Amino acid sequence: MSILDDMAALVREAGQIVLSARDIWSHTHEKTSAADLVTEYDEAVEAFLKERLPKLLPGSRFFGEEEAENCDPSRGWVFIVDPIDGTTNFVRGIHQSAISVALAHDRQVEHAVVYDPFKDELFSASRGGGAFRNGNPIHVSTLPLSQGIFGMGTAIYKREYVAPTMRLTEQLFARACDFRRLGAAALDLCNVACGRTEVFFEYSLCPWDYAAGSLIITEAGGHVSTLEGGPLPITERCSVWASNEVNKDVLKELAV
Ligand code: IPD
Ligand code: CA
Ligand code: CA
């Protein structure tokens, strides 16, 4: 079995913790605000993966959302993990959440898995090896924005981005068929990768939100960068622009 297969097997196992959840509100607490929640299931998935993932690769380290301060993700082999991406959806019973795991080496993502346990959909990629959904190859769409839809995120923990987020949404919406705000950035990126949407943006995401999805997009033939057009740093918070090939320069045509 390859390391990607091993990662996928563990992430599928962790998905059972998500599916076992009952009475989620009473296992939920606020981190920094009412918009920033964590549940005992986030913590249980992270604890499970923290114990099991590093054993797959001796010398590797673990950088998870719920204990991020304990690891410098910028050097060596590091698992970058969001135990539940889309926690607010999860708490409210909206079945749109995923476990996101990237394995990076010196700031470059080499392997990635994003698993939606509710749909039993597992997106995966290794650098240079293509992108897959449940083992079948996926590719970005070829639709221009005028025939397409875009996903967006509202950078909920950074309220200073409310106005620019709405401005960019308005400008893209004027050119597109429609848009979606689905509430789980890792899945938003996979939606572009498999051609369900043409574009995705968010003004502020953390490494655990975008690391795995960014490799899945590029391996699916898509494009990913910051909103300024630079590479994603992988180790810190940044804006994210993801698109299929035809829409990668749309931002240059907008007055934002
Ligand atoms: C959040 C989700 C959401 C995005 C936020 C993320 P979390 O992750 O991906 O869609 O808008 O910026 O922080 O908190 O549910 O893991
Ligand atoms: Ca997240
Ligand atoms: Ca999370």
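The values are calculated or read from the model by the stated rules, or taken from the named source; none is laboratory data. In this text, all values refer to a predicted model and were calculated from it rather than measured experimentally. Counting neighbours? That spans all protein chains shown, and the Cβs are built from the backbone with ideal geometry, glycine included. These accessible areas exclude ligands, DNA and RNA; they are computed on the full protein's heavy atoms, side chains included. Shrake-Rupley method; radii C 1.70, N 1.55, O 1.52, S 1.80 Å.
Some notes on this structure:
- Taking every alpha-carbon pair within the chain, the share separated by more than 23 Å comes to 46 percent.
- The distance linking the range 236-250 with the range 23-87 is 25 Å (Cα centroid to Cα centroid, whole angstrom).
- Across the range 104-161, Cα pairs under 8 Å and at least six residues apart give a relative contact order of 17 percent.
- Computed with a 1.4 Å probe over protein heavy atoms only, the accessible surface of the chain comes to 43 Å² per residue.
- Relative contact order of the range 130-256, pairs being alpha-carbon contacts under 8 Å that are 6 or more residues apart, as %: 31
- Stretching the chain fully between His139 and Ile3 yields a gain of 46.7 nm (0.36 nm per residue, less the alpha carbon separation).
- Helix-derived mean residue ellipticity, 222 nm - over the chain, DSSP H n ≥ 4, -39500 (n - 2.57), to 500: -8500 deg cm²/dmol
- Net lengthening on full extension, Glu40/Cys71 (0.36 nm per residue, minus Cα-Cα): 9.0 nm
- Carbon + sulfur, % of accessible area of the range 145-253 - ligands and nucleic acids excluded, 1.4 Å: 51
- Residues listed by number, the range 79-94, amide nitrogen under 11 Å from Glu30 label point at 7 Å toward C-beta: none
- Note, ³J(HN,Hα) from phi for the range 90-97, Karplus 6.51, -1.76, 1.60, rounded to Hz, x at Gly and Pro: 4, 4, 8, x, 8, 7, 8, 8
- The chymotrypsin sites (Phe, Trp or Tyr not before Pro) found in the range 142-181 that occupy coil by DSSP, while having at most 15 further C-beta atoms within 10 Å, are Tyr157.
- Global geometry of the range 92-197, whether rounded, prolate or oblate, following the gyration tensor of its Cα atoms and the 1.5 cut on a/c: prolate
- R0 of 30 Å, Cβ-Cβ distance Phe173-Ile94: FRET efficiency to nearest 0.05: 0.85
- The range 167-237: GluC sites (Glu not before Pro) in DSSP coil with no more than 14 other Cβ atoms inside 10 Å: Glu228, Glu236
- Loop-located trypsin sites (Lys or Arg not before Pro) in the range 1-50, at most 13 other Cβ atoms within 10 Å (DSSP): Arg22
- Angle in degrees between helix 162-175 and the longest Cα principal axis of the chain, rounded to the nearest 10: 60
- Residue-wise HN-Hα couplings along the range 49-65, as the Karplus relation 6.51 cos²θ - 1.76 cosθ + 1.60 with θ = phi - 60° gives them from phi, are 6, 5, 6, 9, 4, x, 5, 6, 9, x, x, 6, 10, 10, 10, x, 4 Hz; Gly and Pro carry x.
- Near the amide H of Leu37, within less than 5 Å, lie the amide hydrogens of Lys31, all on another chain or at least 5 residues away, with H placed in the peptide plane.
- In the chain, the longest principal axis of the Cα atoms and the axis of helix 207-219 are about 60 degrees apart.
- Taking a ≥ b ≥ c as the square roots of the Cα gyration tensor eigenvalues, the range 159-255 comes out rounded, since a/c falls below 1.5.
- The mean sequence separation of alpha-carbon pairs under 8 Å and at least six residues apart, normalised by the residue count of the range 1-50, gives a relative contact order of 37 percent.
- Cα shape, the range 3-137, gyration tensor, a/c 1.5 rule: oblate
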